[in-house]
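Have a look at the structure below, then the notes.
The values are calculated or read from the model by the stated rules, or taken from the named source; none is laboratory data. These numbers were taken from a predicted model, which means no experiment stands behind them. So basically every Cβ, Gly included, is an ideal-geometry build from the backbone, and we count neighbours across all protein chains shown.
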Amino acid sequence: MTDLTGAPGAALPAVDRRGLLARLRSDRFFLVGVVIVFLSLFLAAFGPLISPYDPLRSTGEISTPPPPIETWPRLLYETVSGQREAPPHWFGTDQSGLDVFSRVISAPRADMTIALGGALISLVIGTFLGLLAGFYRNWATEFMMRISDVLQSFPVFITAMILVALSGRQTGNLVLALALVYTPIFVRLTRAEVMAQSSRGYVQAALAVGNSRWTIAIKHVLPNSLVPSLVQMSVTVGFAIILTAGLSFVGAGVRPPTPEWGSMISIGAQQLILGEWWPSVFPGVAISLTVLGYAFVGHTIEAEFRET
């Protein structure tokens, strides 16, 4: 058997891609997760464009409750057939007269931009640093791991809130704050996998035939160490959505009136005492379903790769 370098060594087991895809297609939780993930990305791109009302402009109807669900088929037919002059307020309106449905489907643009941006940056930086820490073991990489330990010792929410308070509530600062708090996770995952791969026969064989350590690390060790980080990426996006919403809920995230699920819950919660539940319940359900979708995808892929 030959390894990736062409030298004698332990060959890596091939992944049965057809079998893997067949199992994923037959997994209902995975399919539900994929649908939710696709819908969240679609709304992030087109939500404000397809919303029936302007998410930033009052409709003039203050605190209107959503129509009874049994009337939705009739209202939908009347809307599609043009019998209604204006679309119904499917999720009601808030105390400012803003259409809740329009804001719920427009909010993923802010939430997903921040969550995906932070998760992607933390994946790239964390994977690179983890590769260095796992393949080049010296005092510098050990010092880096101790810094990572310190960062992970603080609560994620508190750390992110402090960073945003120091840098400002702009979208770019929110993305960087999320990237910083999640980078240590990917550093540790990648480092552990790289250390395991470094002891494989194909690495020793590649060194023996004259390949540089950096070439081996980039071409062979890194691709074989990415699976845990890519799986974690899906779960991290879900956590990042919750963190983004949490920061906005306490007033440290996206500024109102920009549509954002956390700020919508915060503003709507003030009306709960008056019995107006809809401004906060619907964005809360949207957050729960979105995070659940990303968790389904991540955990299903993780379970499949554990078996292969």
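Could you tell me whether any residue of region 208-222 is touching a residue at least 60 places away in the same chain (Cβ under 8 Å), crowded, with 16+ Cβ neighbours inside 10 Å and either in contact with a strand residue (DSSP E or B) (Cβ under 7 Å, 6 or more places away or on another chain) or under 30 Å from Ala252 (Cβ atoms) (or both)?
Taking every residue of region 208-222 in turn, none turns out to be touching a residue at least 60 places away in the same chain (Cβ under 8 Å), crowded, with 16+ Cβ neighbours inside 10 Å and either in contact with a strand residue (DSSP E or B) (Cβ under 7 Å, 6 or more places away or on another chain) or under 30 Å from Ala252 (Cβ atoms) (or both).
What's the number of the condition Gly238 fails, among (1) surrounded by fewer than 21 Cβ atoms within 10 Å (Cβ to Cβ); (2) in a helix (DSSP H, G or I); (3) of a type outside the set (A, V, I, L, M)?
(1)
Out of all the residues in region 69-92, is one or more under 17 Å from Val281 (Cβ atoms), surrounded by fewer than 16 Cβ atoms within 10 Å (Cβ to Cβ) and modelled with pLDDT under 95? Steps first, answer last, please.
Narrowing region 69-92 to residues under 17 Å from Val281 (Cβ atoms): 69, 72, 89-92.
Within this subset, residues satisfying the condition of being surrounded by fewer than 16 Cβ atoms within 10 Å (Cβ to Cβ) are 69, 72.
Narrowing further to those that are modelled with pLDDT under 95: 69, 72.
Yes, region 69-92 has at least one match.
Just checking, which of Leu230, Leu292, Leu247 is out of contact with any strand residue (DSSP E or B) (no Cβ under 6 Å at 6 or more places or on another chain) and modelled with pLDDT under 90?
Leu230
How many residues does region 133-165 hold that are over 14 Å from Leu247 (Cα atoms) and of a type in the set (A, V, I, L, M)? Outline the logic, then answer.
Just the residues of region 133-165 that are over 14 Å from Leu247 (Cα atoms), to begin with: 133-154.
This time we only want the ones that are of a type in the set (A, V, I, L, M), so: 133, 140, 144-145, 147, 150-151.
Residues in region 133-165 being over 14 Å from Leu247 (Cα atoms) and of a type in the set (A, V, I, L, M): 7 in total.
Listed here are the residues, each with its yes/no results for (1) of a type outside the set (Asp, Glu); (2) closer than 28 Å to Val291 by Cβ; (3) touching a strand residue (DSSP E or B) at 6+ places or on another chain (Cβ under 6 Å).
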site	(1), (2), (3)
Thr79	yes, no, no
Phe101	yes, yes, no
Asp111	no, yes, no
Ile114	yes, yes, no
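Kindly evaluate Gly284 against the criterion of being touching a helix residue (DSSP H, G or I) at 6+ places or on another chain (Cβ under 8 Å), free of Cβ contacts under 8 Å to residues at least 24 places away in the same chain, assigned to a helix (DSSP H, G or I) and not aromatic (Phe, Trp, Tyr).
Values: touching a helix residue (DSSP H, G or I) at 6+ places or on another chain (Cβ under 8 Å): yes; free of Cβ contacts under 8 Å to residues at least 24 places away in the same chain: yes; assigned to a helix (DSSP H, G or I): yes; not aromatic (Phe, Trp, Tyr): yes.
Yes, satisfied.
Of the residues Leu189, Leu178, Leu243, only one is in contact with a Pro (Cβ under 8 Å, 6 or more places away or on another chain) and touching a residue at least 40 places away in the same chain (Cβ under 8 Å); which?
Working: Leu178 fails: in contact with a Pro (Cβ under 8 Å, 6 or more places away or on another chain); Leu243 fails: in contact with a Pro (Cβ under 8 Å, 6 or more places away or on another chain).
Among Leu189, Leu178, Leu243, only Leu189 is in contact with a Pro (Cβ under 8 Å, 6 or more places away or on another chain) and touching a residue at least 40 places away in the same chain (Cβ under 8 Å).
Restricting the first residue to region 75-87 and requiring it to be part of a helix (DSSP H, G or I), which pairs with a second residue that is modelled with pLDDT under 90 meet a Cβ separation below 8 Å and a spacing of at least six or different chains?
Close Cβ pairs (under 8 Å, with a partner that is modelled with pLDDT under 90) amount to Leu75/Arg84; Tyr77/Gln83; Glu78/Arg84.
Taking into account only those residues within region 132-154 that are among the polar types (S, T, N, Q) and farther than 15 Å from Leu180 by Cβ, which is surrounded by the fewest Cβ atoms within 10 Å (Cβ to Cβ)?
Going through region 132-154, the residues among the polar types (S, T, N, Q) turn out to be 138, 141, 148, 152-153.
So of that shortlist, the ones also farther than 15 Å from Leu180 by Cβ come out as 138, 141.
Numbers: Asn138: 9, Thr141: 17.
Of everything passing the filter in region 132-154, Asn138 is surrounded by the fewest Cβ atoms within 10 Å (Cβ to Cβ).
Looking at region 169-207, which of the residues that are polar (S, T, N, Q) and either in contact with a strand residue (DSSP E or B) (Cβ under 7 Å, 6 or more places away or on another chain) or more than 28 Å from Arg146 (Cβ to Cβ) (or both) is surrounded by the fewest Cβ atoms within 10 Å (Cβ to Cβ)?
If we filter region 169-207 for residues that are polar (S, T, N, Q), which is where we start, we get 170-171, 173, 183, 190, 197-199, 204.
When the remaining residues are screened for being either in contact with a strand residue (DSSP E or B) (Cβ under 7 Å, 6 or more places away or on another chain) or more than 28 Å from Arg146 (Cβ to Cβ) (or both), the result is 170-171, 204.
Working: Gln170: 12, Thr171: 15, Gln204: 15.
Checking each candidate, the answer is Gln170.
Does any residue of region 220-229 turn out to be of a type in the set (A, V, I, L, M, F, W, C), farther than 30 Å from Ser58 by Cα and more than 24 Å from the chain's Cα centre (by Cα)? Steps first, answer last, please.
Within region 220-229, the subset of a type in the set (A, V, I, L, M, F, W, C) is 221-222, 226-227.
Next, only the ones that are farther than 30 Å from Ser58 by Cα stay: 221-222, 226-227.
Filter again for more than 24 Å from the chain's Cα centre (by Cα), leaving 221.
The answer is yes; a qualifying residue exists.
Filter region 264-283 down to residues that are crowded, with 19+ Cβ neighbours inside 10 Å and among the polar types (S, T, N, Q), then give me how many there are.
2
Is it true that some residue in region 247-263 is surrounded by 21 or more Cβ atoms within 10 Å (Cβ to Cβ), of a type in the set (Val, Ile, Thr) and part of a helix (DSSP H, G or I)? Give the steps one after another, and end with the answer.
Initially, region 247-263 is screened for residues surrounded by 21 or more Cβ atoms within 10 Å (Cβ to Cβ), giving 247-248, 253-254, 259-263.
Subsequent filtering for residues that are of a type in the set (Val, Ile, Thr) retains 254.
Cutting the leftovers down to part of a helix (DSSP H, G or I) gives us none.
Looking for residues that are surrounded by 21 or more Cβ atoms within 10 Å (Cβ to Cβ), of a type in the set (Val, Ile, Thr) and part of a helix (DSSP H, G or I), one finds none in region 247-263, hence no.
Confirm whether Ser153 is of a type in the set (Gly, Ala, Ser), more than 24 Å from Ser225 (Cβ to Cβ) and modelled with pLDDT under 90.
On the way: of a type in the set (Gly, Ala, Ser): yes; more than 24 Å from Ser225 (Cβ to Cβ): yes; modelled with pLDDT under 90: yes.
Yes.
If I filter region 123-135 for residues that are within 16 Å of the chain's Cα centre (by Cα) and without any contact (Cβ under 8 Å) to a residue 12 or more places away in the chain, do I get at least one hit?
yes
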